[in-house]
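Please treat every number below as a calculation from the coordinates, not as lab data. Since the model is a prediction, treat every value here as computed from it, not as a measurement. Using ideal geometry, Cβ is built from the backbone for each residue, glycine included, and neighbour counts are taken over all protein chains shown.
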Amino acid sequence: MSTVDAQHEQDGRDETLTADAESLSAEQVIERMVERFHPRLLLASSFQQEESVLIDLLLKVEPRARVFTLDTGVLFPETYATWKAMEERWGIEIEPASGISLEQQAAQYGEALWERDPNRCCDIRKVTPLKEILAGVDGWIVGIRRDQSPTRANAPKIGWDDKHGIWKAAPLADWSEKDVWRHIHAHELPYNPLHDRGYASIGCTHCTVPAADRSGRWAGSDKLECGLHG
Ligand code: SF4
């Protein structure tokens, strides 16, 4: 790579990655990311319906691809069971990324920080561990879909992630929720059973209630995101 190309890659102007990306299918976006970045590429899984699809597609392209999850320590038992079911289905190990222990957090910031300061809690349990694990790679793949919330409406299929200084792909950006479920059922993929119990979006136990969209996350507050994608 020439110095100019390297500079453009750092600046998020690498046209070999972004050119025509919007016309690519989810599989083609994944192929492009794998071709360019594997093994310095990670797929982020929160064990929601989108990740069932993405893990399936990614492993078809590269069976040794790396998948990780942010284990906050307060995920639903159903989510931990889905984690295990996915590892068994695909014969992989999903890497956990964690912050300080819940005990350390309580000692340092007091009990139930999620009730008093959810932004700080997300920062400790999600944002910081994410930063740490992404520091070791050049690209990551996420399950964002544009119709999930107004904050995601303009997510590019492949773009430069300024926050983490690496490339980021959202192969399902233009998929609808129906598309996701069609793929899951057609391929009989494991998925989080909470979706069948009214949870469209699933996070930590303390901050998620059943809802038809992301309004079930931090319900009753104006918080929309964990701070992972902004
Ligand atoms: S979603 Fe809630 S419990 Fe989970 S890290 Fe954020 S504030 Fe803490």
Worksheet item: Which of the lysines could a cross-linker bridge to residue 168, judged by Cα under 25 Å and excluding same-chain residues fewer than eight apart?
Response: 60, 126, 131, 157, 178, 223
Worksheet item: Which ³J(HN,Hα) values, rounded to whole Hz and listed in residue order, are derived for segment 28-34 from phi using the Karplus coefficients 6.51, -1.76 and 1.60 in 6.51 cos²θ - 1.76 cosθ + 1.60 with θ = phi - 60°, glycine and proline given as x?
Response: 5, 4, 5, 4, 5, 5, 5
Item to complete: Treat the count of other C-beta atoms within 10 Å as a stand-in for reagent exposure and order 16, 208 from fewest to most.
Response: 16, 208
Worksheet item: By a straight-distance test (C-alpha under 17 Å), which aspartates and glutamates pair with residue 84 as possible cross-link partners, with residues fewer than eight away in the same chain excluded?
Response: 50, 51, 56, 71, 93, 95, 188
Fill in: Sorted by Cβ neighbour density within 10 Å, fewest at the top, the residues 149, 176
176, 149
Worksheet item: What ³J(HN,Hα) values, in whole Hz, does the Karplus curve 6.51 cos²θ - 1.76 cosθ + 1.60 give for segment 104-110 when θ = phi - 60°, with x put for Gly and Pro?
Response: 4, 4, 5, 5, 7, 10, x
Item to complete: Sticking with the crude label model, points 7 Å out along Cα→Cβ, report the distance from residue 64 to residue 117 in nm, one decimal please.
Response: 4.4
Item to complete: Take every DSSP beta bridge whose two residues both sit in the chain, then give the antiparallel share in percent to the nearest 5.
Response: 30
Fill in: Size of charge dipole - segment 140-220 - debye, nearest 20, with Cβ of Lys, Arg +1 and Asp, Glu -1, no other charges
140
Discussion item. If you fit an axis through the alpha-carbon atoms of helix 49-61 and take the longest principal axis of the Cα set of the chain, what angle between them do you get, 0 to 90°, nearest 10?
Written reply: 30
Discussion item. Could you derive backbone 3J(HN,Hα) for segment 205-212 from the dihedral phi with the Karplus parameters 6.51, -1.76 and 1.60 (θ = phi - 60°), listing whole Hz in sequence and x where the residue is Gly or Pro?
Written reply: 4, 6, 10, 10, 10, x, 6, 7
Practice prompt. Fewest Cβ neighbours within 10 Å first, please rank 128, 205 accordingly.
Written response: 205, 128
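Starting from the Cα-Cα distance between residue 25 and residue 128, subtract it from 0.36 nm times their residue separation and give me the gain in nm to one decimal.
33.9 nm
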Discussion item. Could you give the length gained by full extension between residue 15 and residue 187, i.e. 0.36 nm per residue of separation minus their alpha carbon distance, to one decimal place?
Written reply: 58.6 nm
Worksheet entry | Translational diffusion of the chain, µm² s⁻¹ [Kirkwood Rh, Cα pairs; Stokes-Einstein; 10 °C; 1.306 mPa s] | 87
Worksheet, complete the sentence: Any residue on another chain or 5+ positions along whose placed amide H is under 5 Å from the amide H of residue 97 is listed here as 69, 70, 71
